[in-house]
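Data block below; observations after.
The values are calculated or read from the model by the stated rules, or taken from the named source; none is laboratory data. It should be emphasised that the depicted structure is a prediction, and the values quoted were computed from it without experimental measurement. Here the Cβ positions follow ideal geometry from the backbone for every residue, glycine too, while neighbour counts run over all protein chains shown.
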Amino acid sequence: MAASLRVIAVLVCATVAVGVADAAAGGVRVGLTRIHSEPGVTASQFVRDALRRDMHRRARFGRELASSSSSVGTVSAPTRKDLPNGGEYIMTLAIGTPPLSYPAIADTGSDLVWTQCAPCGKQCFKQPSPLYNPSSSPTFRVLPCSSSLNLCAAEAKLAGATPPPGCACRYNQTYGTGWTSGLQGSETFTFGSSPADQVRVPGIAFGCSNASSDDWNGSAGLVGLGRGGLSLVSQLAAGMFSYCLTPFQDTKSKSTLLLGPAAALNGTGVQSTPFVPSPSKPPMSTYYYLNLTGISVGTTALTIPPDAFALRADGTGGLIIDSGTTITSLVDAAYKRVRAAVRSLVKLPVTDGSNATGLDLCFALPTTSTAPPATLPSMTLHFDGGADMVLPVENYMILDGGMWCLAMRSQTDGELSTLGNYQQQNLHILYDVQKETLSFAPANLLLLLPYVAISSTANHGVRLELTHADDRGGYEGAERVRRAADRSHRRVNGLLGAVEEPSSMSRLRSDGAGVGGAAAATAAVHASTATYLVDIAIGTPPLPLTAVLDTGSDLIWTQCDAPCRRCFPQPAPLYAPARSATYANVSCRSPMCRAFQSPWSRCSAPDPGCAYYFSYGDGTSTDGVLATETFTLGSNTTVRDVRQRVVPLADVPGVPEPVLATETFTLGSNTTVHGVSFGCGTENLGGTDNSSGLVGMGRGPLSLVSQLGVTRFSYCFTPFNATAASPLFLGSSARLSSAARTTPFVPNPSGGARRRSSYYYLSLEGITVGDTLLPIDPSVFQLTPMGDGGVIIDSGTTFTALEERAFVALARALAARVRLPLASGAHLGLSLCFAAASPDAVDVPRLVFHFDGADMELRRESYVVDDRSAGVACLGMVSARGMSVLGSMQQQNMHILYDLERSVLSFEPAKCCEL
């Protein structure tokens, strides 16, 4: 990536080409998110909305063909984005100095790059990011007359007129019945999916809009990727760009957009077809036309008129490839042949799916759970130059609600056919604008992965039981795997989400009152990514509760009825401090409160008690007061009181309801432990997976293990799909045999994000598959002084997340040794899967993680997920960027000991259900 940074750093103003093509390794990688890809949206809803968007988009295509020219300073684009459901894929970029991040629709069917600008009156739509203000950016410039991209000057020159004074060009760009209007300028843009990839490009010509129609689908503008001079591709002189669109109903993964040389396609299986020269008349001149010469279903070539897809001299007809259209539309003569061929092959009753899906041809399945027939052949689109785009059945049929439908439609409102993104899913598609060709190949999952959280005693200890979070919800099979994959992705993102504290922070409560002097912290963990739960009891008399066990954070907290102004549903009654004889608030002057504070805020005088606010990366948060109480452990251990100064709630005038407090907790059996600090939350958002709060087991002073003063703890996770409880041992009861292997913890980073000081870092030195040590650069797993990178062991992450380069190496090695066809694991949320009639019989090689001084060999059940119903065996790991995490699935049936006194981790194979 360093080469591309050097290349892009010297890009000049948009009055000359901004080039990324001069370096063989250069380029930019951006993540794409499908609009309306929220979980829970059914396929029929998805298709219905997509067809509505497509209808307006195609209608505009047709109307634009009859348009001759526009007035000076006005540009026409082919897509309609004024509808709430317009647009398909959103990319994130940043504008100005300092960079302001914003989401924008990526559109291969138009050219102008634009965003809304302040000041913006009543004709601006709501957007998810702050408005860009050109007056706040020293790099903003009004686009000069000398620029070849100045719309007004170019139009005036063509008309033989004089350019406007100062060339302050106001534009009015239309998108169907929608539009955007503003001032044309130039600015510095920042691209890239992560800080390591980000590059800044000065002098990009863009539209600074201060009036637009309607809502633009959670975006703040649009990035044109068409063939015109104003498009981002043309301005960057990228030479090429490519994308790989994840499956239509995969709401978890992001698609990838590559700009510049990084977009190149290599290897076998790549096919290419030339672009058809576009008509010179705008807006058709910006479209990417292809010559579709025929269509086959299976081995049968359909009898389609040879001129069905021909582009005529007057600009009518033809076929374009488009990112903003979902369902492929074919001229009626071609669609009728495709429809007839599919209907003749499917031996199921035809049903009317037009109301549910908007599609013309649907078949009724016997039941809603019935899988469609596996005998339908692939469909092949034959392009000029001998390039055949083979569409597997999932790229032209869609399953939902007991119906199986043809995901294509007839183009009845014009003669322009469109190759939509549903048919492009899981294909890596390259637009080589220099060579004027389109290339494509089946997506290589191994290359295009998504970018893809007591007093010490020698004689006593305690044993607790851990329950997997999904056991209490009754989740099984594929659903359990899907939930685990989702939690793993979100957990890793949350662990990476720890950021350097800002110099100041102000948070408003829901009632508008500021936290003010309350101690505040942001945790880098997703509370709703719970994997294991522990049963505790709090107060006197003890109230049983269930809490998330989390080695990736420190604070112990539960929801409190003091009263609770906002609480999420929980399985147990709310804990009420007023009903406990042992509840006490923590003073601001307490060492525990001082340990909790950060540069964000401090307690204000007079001492109001230790108020806190603690948030998690998925939006879950707890807002309350720090208090102390008594825990009860599983043996007759007497534990010293760790309170420093107790201030009863009634003795603190003006204390807001939420405060950090102390209370008595009960764990295991009947031994009580006094004075454990915990968060008494009275305003809590989100949820914690059928629990009432969280028990932090991290390395910070507020964690349970730190407060108890235990020098060790261990756990042993029962198998992933088992319902048996997993044991947790605290204190001297946590012990392994002499055969255990041991690796030192890596010292936590002293710089960077403070939250990462809670994590348990390990030194992973390599990975072996079979007998081969994988060629992974050692720096991939190294932890920097600022807290970037590294490998942590974590109880809250299910599937191990390996940094992308390591995951790619592992996936390639497994694919080479398993030698079975690759299959989609999107329904499980996993990237590498193999098709097999008997997934549990798939033979996989030996897999070893080499830690500093210790090798951890993983059994098959610790890294392979079998889904018999889908006929796939998948790697139970995911790809990540910025950090690697050893998840709980890879720890199953392994007794893991955290020796805090010696600062080492030990482990040995075990039958966890027998401990």
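Residue 204 meets all of the listed conditions (1) in contact with a strand residue (DSSP E or B) (Cβ under 9 Å, 6 or more places away or on another chain); (2) β-branched (Val, Ile, Thr); (3) at pLDDT below 85 but one, namely (3).
The residue of region 292-318 that is farthest from residue 390 (Cα to Cα), among those that are among the aliphatic types (A, V, I, L, M) and in a loop (DSSP other than H, G, I, E, B), is 313.
Condition check for residue 857 on (1) under 23 Å from residue 745 (Cβ atoms); (2) crowded, with 23+ Cβ neighbours inside 10 Å: one failure, at (2).
Candidates are the residues of region 573-616 that are part of a loop (DSSP other than H, G, I, E, B), of a type in the set (Gly, Ala, Ser) and modelled with pLDDT of 85 or more; the one that is surrounded by the most Cβ atoms within 10 Å (Cβ to Cβ) is 580. Checked against (1) modelled with pLDDT under 85; (2) out of contact with any Gly (no Cβ under 8 Å at 6 or more places or on another chain), residue 619 meets all criteria but (2). Residues in region 259-281 include at least one that is modelled with pLDDT of 90 or more, in the same structural domain as residue 323 (by TED's automatic domain parsing) and aliphatic (A, V, I, L, M).
Please work out which residue is farthest from the chain's Cα centre (by Cα), limiting yourself to region 823-843 and to residues that are crowded, with 19+ Cβ neighbours inside 10 Å and outside any loop (DSSP other than H, G, I, E, B). Once the filter is applied, the top-ranked residue is 839. For region 317-353, the tally of residues that are within 29 Å of residue 255 (Cβ to Cβ) and not acidic (Asp, Glu) stands at 19. Which of the residues that make up region 321-354 are closer than 30 Å to residue 243 by Cα, in contact with a helix residue (DSSP H, G or I) (Cβ under 8 Å, 6 or more places away or on another chain) and among the hydrophobic types (A, V, I, L, M, F, W, C)? Those that are closer than 30 Å to residue 243 by Cα, in contact with a helix residue (DSSP H, G or I) (Cβ under 8 Å, 6 or more places away or on another chain) and among the hydrophobic types (A, V, I, L, M, F, W, C): 327, 330.
Quick one: is residue 791 within 18 Å of residue 776 (Cβ to Cβ) and under 25 Å from the mean Cα position of the chain (by Cα)? It is true that residue 791 is within 18 Å of residue 776 (Cβ to Cβ) and under 25 Å from the mean Cα position of the chain (by Cα). Within region 282-303, being among the β-branched types (Val, Ile, Thr) and crowded, with 21+ Cβ neighbours inside 10 Å holds for 286, 295, 297. Can you name every residue in region 533-569 that is under 27 Å from the mean Cα position of the chain (by Cα), under 23 Å from residue 728 (Cα atoms) and part of a loop (DSSP other than H, G, I, E, B)? Matches in region 533-569: 551, 552, 553, 554, 555. How many of the residues making up region 400-436 are over 21 Å from residue 307 (Cα atoms) and of a type in the set (Ser, Thr, Tyr)? Of the residues in region 400-436, 2 are over 21 Å from residue 307 (Cα atoms) and of a type in the set (Ser, Thr, Tyr).
Against the conditions (1) buried (at least 19 other Cβ atoms within 10 Å of the Cβ); (2) assigned to a strand (DSSP E or B), residue 848 satisfies every one except (1). Every condition in (1) in the same structural domain as residue 569 (by TED's automatic domain parsing); (2) under 19 Å from residue 797 (Cα atoms); (3) not basic (Lys, Arg) holds for residue 684 except the one numbered (2).
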